[in-house]
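Data block below; observations after.
Bear in mind that the values in this text are calculations on the coordinates, not laboratory data. All figures in this text were calculated on a predicted structure; none of them were measured in a lab. Neighbour counts are summed over all protein chains in view; Cβ atoms, including those assigned to glycine, are modelled from backbone coordinates with ideal geometry.
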Amino acid sequence: MKIIEYYTAEKKEHWLNEIGKCDWGAGQYLYQLLRENNLKKMVGETALVPMLVDGDKLVAFCTLAPLDDIQPTELSPWIGFVYTYPEYRGHRYAGLVLDYAESIATVMGREYIYISTNHTGLYEKYGYEFLKMEKDMGGEDSRIYRKALAEDGPDKDRRYENGARWKAEIIKEVRKGVDMTAYCGFSCNHCFLGEWCGGCRSAFSCCSYGTMYDKGVCPNIDCCRKKGIDGCYECEELDECTKGFYRPDNDGTNACKAQAMFIRKYGKEKFFQVHDKLHEIYDFKKTQEILGTSVEEGLKILEGV
Ligand code: SF4
Ligand code: SF4
C-alpha cells in the first residue's frame, strides 16, 4: 500500500471512478466536485486529496484544504471527506491519510489542523481534541475538532520530514507542462518560493500572496479570469492598476509591474531568457531588490539585460 495524491496521480480518471464507488453521501459529493473540477473553488486553491491505495484499489481518502463545510471561518486548514472502504476497515488506515495531510500542513507552517464531523470518539484516537460546535454550510450542527501541529517533539519532526518530501513530490508533478508566467508578471520559474509553490497556474498554487485572500485566489488572478485574459500584461489598465499585488503599499509593486510591462512588450519567451540572465548578472532573492526603484527603472534594467 502507498499514499498518492489525486491531483498529481497518474490514472486520475481511474481514481476518480474509485472515489465514485464510495457508498457514502459525502463521498459521492466529493466525486461530483472532482468530476466537475469544483473542489478547489469550494474549499480553496491548495486543496489536495490524499489517497491510500492498494494496487489499483482505493483503500481510504480524505481532503486537505484551506476550508471545509464551515464557512466563513478564521480556522484553517481543514481535513474533510475522510473515508475508508468497507473491506479495509478496522486497521486504522484512515490514520495514514490523516498523517499525510497533517504532515503537509506542518510543512506549511500551520499551528493547528481542523475537522468538522458528526462523529464522537473517532478522531480522538488520532490525537484530535473537541474544540466547539458550529453550524455547517447546510445549517446543521457540526463538531469541530483540532490537532496541534506546532508543538516541538519527535511527532512534529517526523511530520516535517515526511511532509517536506511529499510536498516536494507534489510541486514537481504539478509544475510539469504548466506555463510558469505568473498572472501578475512574475516568473514562477525564478521565484525564490518556487521550491514550495507549484506556480499560480498549477494545481497546487501556494503563492504566499494569494493565500492571504479568499480561497487562496489573489485579486490579480481573479481579475484576469473575469476579464478572460492570460495575465495582467494583456490588460489595458496595467499602467494605472492598483489592484492586488499592484497595491501602492506593496514593496513588490514596481518590480512586478515592470516585469508585466516587459512581457507586454517582448513576450514570454524573451522574458524567461532575460530572467535567466538576470540571475547570472545579479545576486538577489526577490526581484524588488534590483527592479524595485520604479516601474520605469525596473523595465529599463530588464531591457538592458
Ligand atoms: S509564490 Fe507566486 S510568483 Fe512565486 S511561484 Fe508561487 S505563484 Fe509564482
Ligand atoms: S485591472 Fe489590474 S489586476 Fe485586473 S487584469 Fe488589469 S492589470 Fe491585472
Hz values of 3J(HN,Hα) by residue in the range 205-212 - Karplus curve (6.51, -1.76, 1.60), Gly and Pro given as x: 7, 9, 3, 4, 6, x, 5, 7
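If you keep only loop residues by DSSP, which chymotrypsin sites (Phe, Trp or Tyr not before Pro) in the range 165-220 have at most 14 other Cβ atoms within 10 Å of their Cβ? List each step's numbers first, then the result.
Details: sites: TRP166, TYR183, PHE186, PHE192, TRP196, PHE204, TYR209, TYR213; in loops: TYR183, PHE186, PHE192, TRP196, PHE204, TYR209, TYR213.
The qualifying sites are PHE192.
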Taking the range 43-195 and dividing mean pair separation by its residue count, relative contact order in percent (alpha carbons under 8 Å, at least six apart): 18 percent
Cα-based convex hull volume of the chain per residue, rounded to whole Å³: 151 Å³
C-alpha center-to-center spacing [the range 160-196, the range 39-66] in angstrom: 19 Å
Karplus-derived 3J(HN,Hα), 6.51/-1.76/1.60, for each residue of the range 264-275, Hz, glycine and proline x: 4, 7, 10, x, 5, 4, 4, 4, 5, 4, 5, 4
Given charges at beta-carbon only (K, R positive; D, E negative), |dipole| of the range 27-113 in Debye: 140 debye
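Could you work out the local net charge near GLU18, counting Lys and Arg as +1, Asp and Glu as -1, over the other residues with Cβ closer than 15 Å to its Cβ?
On the way: positive: LYS2, LYS11, LYS12, LYS21, ARG35, LYS57; negative: GLU5, GLU10, GLU13, ASP23, ASP54, ASP56, GLU87.
So the surrounding residues net to -1.
What chymotrypsin sites (Phe, Trp or Tyr not before Pro) in the range 12-45 are in a loop by DSSP, with at most 16 other Cβ atoms within 10 Å of the Cβ?
On the way: sites: TRP15, TRP24, TYR29, TYR31; in loops: TRP24.
Passing both the DSSP loop test and the Cβ count: TRP24.
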DSSP beta bridges in the chain [antiparallel fraction, %, rounded to 5]: 95 percent
Cut-off under 5 Å, modelled amide H: who pairs with TRP78 long-range: ALA65, LEU67, TYR114
Value of relative contact order over the range 1-58, rounded to a whole percent, pairs C-alpha under 8 Å and six or more apart: 54 percent
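Do the sum for the chain: with -39,500 (n - 2.57) for every DSSP H run of n ≥ 4, divided by all residues, what is the mean residue ellipticity at 222 nm, to the nearest 500 deg cm²/dmol? The partial results should precede the final answer.
On the way: 10 runs with 112 residues, N = 305.
Taking each H run of at least 4 residues, the total per residue is -11000 deg cm²/dmol.
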Sites matching GluC sites (Glu not before Pro) across the range 1-107 that sit in DSSP coil, with at most 12 neighbouring C-beta atoms within 10 Å: GLU10, GLU36, GLU74
Reach of LYS270 by Cα under 17 Å, taken over lysines that are not fewer than 8 positions away in the same chain: LYS257, LYS300
